[in-house]
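Worksheet: one structure, shown below.
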Amino acid sequence: GEHLRICPQGYTCCTSEMEENFANKSRSEFEAMMKEAGRSVQTTLTAQHRSFDSYFQDLLNKSEKALYDAFPSMYGELYTQNMKVFKDLYSELRRYYRGSNINLEEALNEFWTRLLERLFKLMNPQYHITDEYLDCMVKHAEQHRPFGEVPRDLKVKATRAFIAARSYAQGFLVGSDVVKKVSQVSLSHECTRAIMKLMYCPHCRGMSSVKPCNNYCLNVVKGCLANQADLNTEWKYLMDSLVIVADRIDGPYNVDTVIGTIHMRIAEAISNLQENKDLITTKVFQGCGNPKISTKGSSSEDKKRRGKVTLEAKSSAQALEMLVLDAKGNLTALKTYWITLPGSLCSKKVMASSVTDDKCWNGMTKGSYLPEVMGDGLANQINNPEVEVDITKPDMTIRQQIMQLKIMTNRLGNANIGNDVDFQDASE
């Protein structure tokens, strides 16, 4: 056995070639274990993203559909001639939610301005109203709140709900992406040797049925996954932040009430305008002068049907509650993933012996394992008896992922207080 380079050099059943094959085998097996463990976390996170995302998109679609169904009979030409204004609003909201760099407040302001311009023209068909006149009209009308309190109220509520929903949905994707990238980090040369010694050297000694000692396995895996364990702090913060925002989404920034009733708020705003029509027209004429009388002079306003259509919001509050509850359970369970990983790999995958066993493989022979178990993370590996870890050289891929987690957590923290943070790719 003097030819052995990794296993203890006593009598052996292994040739050099076998030892090398075992080393390659143990390396690919361990990397596969890592990927498999990571995949289950990714699956959980992407499933959470998918269920929230489809719930949210569905809310928006239902609100838009309710508007298209009810407005033609409620408003006649007021609606049919302005369909694009409503369509544009919903498509801007969707783009914002998907992560486009849109200023949501500006998009809402733009919607109300365009709507006011169109409706003012339609309500005064006997006049010829130019674009310059409309600019003046918007300035004068705004101060009289033509749509009542709706625009202001909706701006506050919708921006908060959208900011929260967007960062919440993205939080799951970032988490999943971090796990994916980190699970692909390859093992160092020292680590490959240590894992071979742990998993296959007993075979060379004719002890293939002897399991590795539990603490021995922990030291090897903690040494090999030292960089991964350093994700723990920021990972925990991300999971906690997602839980807090989940409470917002089902609480003060309730997406169900806000997003599901956008069409109702628009209807409320239009009826406010219709009620204040004369007052607003008078004020505008005072401020901007009387527009010229139009030669067409058709009075389409009178043809408008005044049939009252009641708009309803179909609440899916219970669905939201269940979604949030399920998410919180999963997020809490995943919080300690990176530091419990060595333990779960040793017990489930390497099949280490029970903690008290003194007839286990200790790296040299069958007996008990005496060294103490190292702490988690890179800095704690300085005296790891099983793996030589250079604690001055952190893994760059993992450091980048820690940065990604920080950026996402910061974004969620802002969303929690209703602040919007520009979305940008953290790799920049």
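The values are calculated or read from the model by the stated rules, or taken from the named source; none is laboratory data. The structure displayed is predicted, hence computed values, not measured ones. Because the Cβ atoms are built from the backbone with ideal geometry, glycine has one as well, and the counts that use them run over all protein chains shown. Areas reflect the complete protein model, heavy atoms only, side chains present, ligands, DNA and RNA absent. Shrake-Rupley method; radii C 1.70, N 1.55, O 1.52, S 1.80 Å.
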**Study point:** segment 132-144 - residue that is charged (D, E, K, R) and modelled with pLDDT of 90 or more and, of those, farthest from the chain's Cα centre (by Cα)
**Key:** E132
Point to revise | Among the candidates D326, D278, D376, residue that is closer than 30 Å to G223 by Cα, modelled with pLDDT of 75 or more and of a type in the set (D, E) | key: D376
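Please find, within segment 281-306, the residue that is least open to solvent (accessible area, probe 1.4 Å) out of those that are in a loop (DSSP other than H, G, I, E, B) and modelled with pLDDT under 65.
Selected residue: K304.
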Exercise for review: Identify, from the list V179, V150, V220, the residue that is within 30 Å of M351 (Cα to Cα), open to solvent by less than 40 Å² (accessible area, probe 1.4 Å), among the aliphatic types (A, V, I, L, M) and over 29 Å from the mean Cα position of the chain (by Cα).
Suggested key: V220
Point to revise | Selection count, segment 72-84, where residues are out of contact with any Asp or Glu (no Cβ under 9 Å at 6 or more places or on another chain) and in contact (Cβ under 8 Å) with a residue 24 or more places away in the chain | key: 6
Practice item. Please list, ordered by first then second residue, the pairs with beta carbon atoms under 6 Å, 6 or more apart or interchain, first in segment 85-102 and under 15 Å from L67 (Cα atoms), second among the charged types (D, E, K, R) and open to solvent by 50 Å² or more (accessible area, probe 1.4 Å). Key: V85/R114
Check your understanding: Right, V309: under 23 Å from D58 (Cβ atoms) and modelled with pLDDT under 95 or not?
Key -> yes
Check your understanding: For segment 212-234, does any single residue satisfy the condition of being part of a loop (DSSP other than H, G, I, E, B), in contact with a helix residue (DSSP H, G or I) (Cβ under 8 Å, 6 or more places away or on another chain) and not charged (D, E, K, R)?
Key -> yes
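Report whether or not E110 is out of contact with any Phe, Trp or Tyr (no Cβ under 8 Å at 6 or more places or on another chain), open to solvent by 60 Å² or more (accessible area, probe 1.4 Å) and part of a helix (DSSP H, G or I).
yes
Being part of a loop (DSSP other than H, G, I, E, B) and within 30 Å of T43 (Cα to Cα) is the requirement here; does S176 meet it?
Details: part of a loop (DSSP other than H, G, I, E, B): no; within 30 Å of T43 (Cα to Cα): yes.
The answer is no for S176.
Open to solvent by 10 Å² or more (accessible area, probe 1.4 Å), acidic (D, E) and out of contact with any Asp or Glu (no Cβ under 9 Å at 6 or more places or on another chain): which single residue out of D88, D69 fits that description?
Testing whether each residue is open to solvent by 10 Å² or more (accessible area, probe 1.4 Å), acidic (D, E) and out of contact with any Asp or Glu (no Cβ under 9 Å at 6 or more places or on another chain) leaves just D69.
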Practice item. Kindly check whether there is at least one residue in segment 197-213 that is within 32 Å of the chain's Cα centre (by Cα), over 24 Å from G413 (Cα atoms) and either open to solvent by 20 Å² or more (accessible area, probe 1.4 Å) or charged (D, E, K, R) (or both). Key: no
Check your understanding: Looking only at residues in segment 3-61 that are within 24 Å of Y96 (Cβ to Cβ) and of a type in the set (D, E), which one is surrounded by the most Cβ atoms within 10 Å (Cβ to Cβ)?
Key -> D53
Practice item. Within segment 388-420, count every residue that is modelled with pLDDT of 95 or more and part of a loop (DSSP other than H, G, I, E, B). Key: 0
Exercise for review: For segment 78-104, name all the residues that are of a type in the set (D, E, K, R), within 15 Å of R166 (Cα to Cα) and part of a helix (DSSP H, G or I).
Suggested key: E92, R94, R95
Practice item. Go through (1) in a helix (DSSP H, G or I); (2) surrounded by 18 or more Cβ atoms within 10 Å (Cβ to Cβ); (3) aliphatic (A, V, I, L, M) and name the single condition L187 misses. Key: (1)
Exercise for review: Would you point out the residue of segment 81-112, among those that are under 21 Å from M123 (Cβ atoms) and aliphatic (A, V, I, L, M), that is modelled with the lowest pLDDT?
Suggested key: M83
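Residue-wise test of (1) open to solvent by less than 50 Å² (accessible area, probe 1.4 Å); (2) in contact (Cβ under 8 Å) with a residue 40 or more places away in the chain; (3) among the aliphatic types (A, V, I, L, M); (4) farther than 30 Å from D250 by Cα.
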position: K328; (1), (2), (3), (4): no, yes, no, no
position: L334; (1), (2), (3), (4): yes, yes, yes, no
position: T356; (1), (2), (3), (4): no, no, no, yes
position: T365; (1), (2), (3), (4): no, yes, no, yes
position: L370; (1), (2), (3), (4): no, no, yes, yes
